[in-house]
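Bear in mind these aren't lab numbers, they're just calculated from the coordinates by the rules spelled out. Bear in mind the structure is a predicted one, so any value in this text is a computation, not a measurement. We place every Cβ from the backbone using ideal geometry, glycine too, and count neighbours over all the protein chains shown.
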Amino acid sequence: MKKTFALTHPKKAVPRVVEAVKYEVKKYLRRERNKALPAGADFWDFDCRYGHTEQEAKVIHVKEINKCIDEAESLALTSFYLEILAKPAVRQKKVDAEEE
């Protein structure tokens, strides 16, 4: 998903538009996670970028998406850019501090 979300609507209040954007993002993540994994992959990982415009987009973690959307609302932006790309990944084994 590569999309510029508008936070303005002639008939809807900004908080309702923000809720709709969050729901759309959540629905997209759920849909991607439910797809069949390719052989050798353990889970779906996501490359995410957020910015006020596409040119200003910075890499963020999936957990930071809602915080960024809330930031856009608090800054009273008219729109923001969000990019979420799914990729298959393999879980890394955690290394204990004692083993090092």
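Of Ser79, Val17, Val62, which is farthest towards the positive pole of the range 2-89's charge dipole, taken about the Cα centre with +1 and -1 on the beta-carbons of Lys, Arg and Asp, Glu respectively? It is Val17. Considering only Cα atoms, the convex hull volume of the range 1-52 works out to 89 Å³ per residue. Dipole size of the chain about its Cα centre, with +1 on Lys/Arg Cβ and -1 on Asp/Glu Cβ: approximately 720 debye, rounded to the nearest 20. Pair-distance distribution P(r) for the range 1-87, from all Cα-Cα distances in 10 Å bins starting at 0: 16, 48, 26, 8, 1 percent. Based on C-alpha pairs under 8 angstrom that are at least 6 apart in sequence, the range 2-89 has a relative contact order of 43 percent.
Only helices enter this figure: runs of n ≥ 4 DSSP H residues, each worth -39500 (n - 2.57), summed and divided by the residues of the chain, yield -10000 deg cm²/dmol at 222 nm to the nearest 500. Taking amide H positions as modeled 1.01 Å from N, with prolines and chain starts lacking one, the residues under 5 Å from His52 and 5 or more places away or on another chain are Tyr81. A simple packing score, the average count of other Cβ atoms within 10 Å per residue, orders the peptides 45-52, 85-92 as 45-52, 85-92, with the highest score first. When each of the peptides 5-18, 70-83 is scored by how many other beta carbons lie within 10 Å of its residues on average, the order from highest to lowest is 70-83, 5-18.
Applied to the range 76-84, the Karplus parametrisation 6.51 cos²θ - 1.76 cosθ + 1.60 on θ = phi - 60° returns per-residue 3J(HN,Hα) values of 6, 6, 7, 7, 8, 10, 9, 10, 10 Hz, with x for Gly and Pro.
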